[in-house]
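The values are calculated or read from the model by the stated rules, or taken from the named source; none is laboratory data. This structure is a prediction, so every number in the text was calculated from the model and none was measured. We place every Cβ from the backbone using ideal geometry, glycine too, and count neighbours over all the protein chains shown. Protein only, heavy atoms only, side chains kept; ligands, DNA and RNA dropped before computing areas. Shrake-Rupley method; radii C 1.70, N 1.55, O 1.52, S 1.80 Å.
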Amino acid sequence: MSGRDYSTKKKNFFTRMNEYLDTYEKIVLVSCDNVTSRQFNTMRIGMRPSGSFPFVGKILMGKNTMMKKVLQDRVDADPENKVKQLQNDRFGDLLKLNVGLIFTNDDLEHVVKMVDENVVQSAARVGSVAPSDVFIPAGPTTLEPGQTSFFQALNIHTKITKGAIDILNEVHLVKEGEKVGPSEATLMQKLNLRPFYYGLMMKEVYDKGSFYSAKVLRMSNEDKKAKVQAAIANVTQLSLGLGWTTKASFPHVAINAFKSIFSVSLGTDYDFEAFGAKQLKQDIKEGKVTAAPAAAAAPAAGAAP
């Protein structure tokens, strides 16, 4: 740390964060808006070695400026360390607003489960950012006709039925990411709606030297497989376009080579045994094969080691 004289509380924070950074290889950056101290305590206790969660970890909350200072000081003390430089660069950009860090060395799927299970249902508060969309269903309410002003202010069409207000159409009252206004909050309170569930929101993941979006942790195996297949297809197309032989493009190169040689074989007396070409040529001449030679030969070439 620099020569500035910091309070004991801040020094303890610096020491604790340095210890976590040295001990744990996986870090999840989380947004902490509207998360209660009780929720934090439940997670902290559960992450202890004797806790109820199937993993061990720590949650660190503090001023973003203090966290950034620790990261910068680690780089200053060890400027050749690429990991510390990476952490300082990326977390320096990400440490904004109300965020915290979860540290662990265990499977991050356990962190996802902990975050998902530790949520609290809450009413909408004026000025808060909606974590999800809020819809008001069409149908009767228990509100008396004298309260139609709330609906009129929000341009919600109603009618009076049997001394109570009926909403004519479903209404998209609040959109995710928007701030809740006074009229919206009042109406939801009158309708006894508690539409929001507040908890930690995972934003970014540091995992043994790599950063990636926390959305990856929620991908299914099928999603991951599709992503990998798409990436392989892109590499294959690029390799074929540039004329480079790679692991991804080699099956196509081999098939195309077989097609070229087999085409020469069909037009000449030249025969070759590889991949059953001689037999295929004979079958074509005898009319036993009606498909195009290339289409028939492709599976055989593709099965080659």
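The residues of the chain expose, per residue, 60 Å² of accessible area to a 1.4 Å probe. With 28 Å as the limit on Cα-Cα distance, the pairs of Lys26/Lys68; Lys68/Lys225; Lys10/Lys215; Lys179/Lys224; Lys10/Lys96 that go past it are Lys68/Lys225; Lys10/Lys215; Lys179/Lys224. Among the trypsin sites (Lys or Arg not before Pro) found in the range 1-76, those both in a DSSP coil and sparsely packed, with 10 or fewer other Cβ atoms within 10 Å of their Cβ, are Arg4. Counting only protein heavy atoms and a probe of 1.4 Å, the accessible surface of the range 1-159 is 49% carbon and sulfur.
Given the range 78-200, what whole percent of its Cα pairs are spread farther than 20 Å? Roughly 60 percent, rounded to a whole number. Can you give the accessible area of Leu101 in Å² (nearest 10), computed on protein heavy atoms with a 1.4 Å probe? The accessible area comes out at roughly 0 Å².
Annotation note: trypsin sites (Lys or Arg not before Pro) in the range 222-256 located in DSSP loop regions with a Cβ neighbour count of at most 14 within 10 Å are Lys247.
When the Cα positions of Val99, Phe14, Phe250 are compared along the charge dipole of the chain, Phe14 comes out farthest toward the positive end, with charges on each C-beta of Lys, Arg, Asp and Glu. Report, in degrees rounded to the nearest 10, the 0 to 90 angle that the Cα long axis of helix 8-23 makes with the longest principal axis of the chain. The angle comes out near 20 degrees.
State to the nearest 20 debye the size of the charge dipole of the range 124-179 about its Cα centre, where the only charges are +1 on K and R beta carbons and -1 on D and E beta carbons.
On the way: 5 positive and 6 negative charges, 25 e Å.
Dipole about the Cα centre, nearest 20: 120 debye.
Using a probe of 1.4 Å, the accessible surface attributed to Lys84 totals some 40 Å² when neighbouring protein chains are kept in position.
In this calculation the C-beta distance from Thr15 to Ser149 is compared with R0 = 45 Å, giving a FRET efficiency of 0.20.
Volume per residue of the convex hull around the Cα atoms, evaluated for the chain, comes out as 277 Å³.
Extension gain for Ala231-Leu94 works out to 46.6 nm (0.36 nm per residue, less the C-alpha to C-alpha distance).
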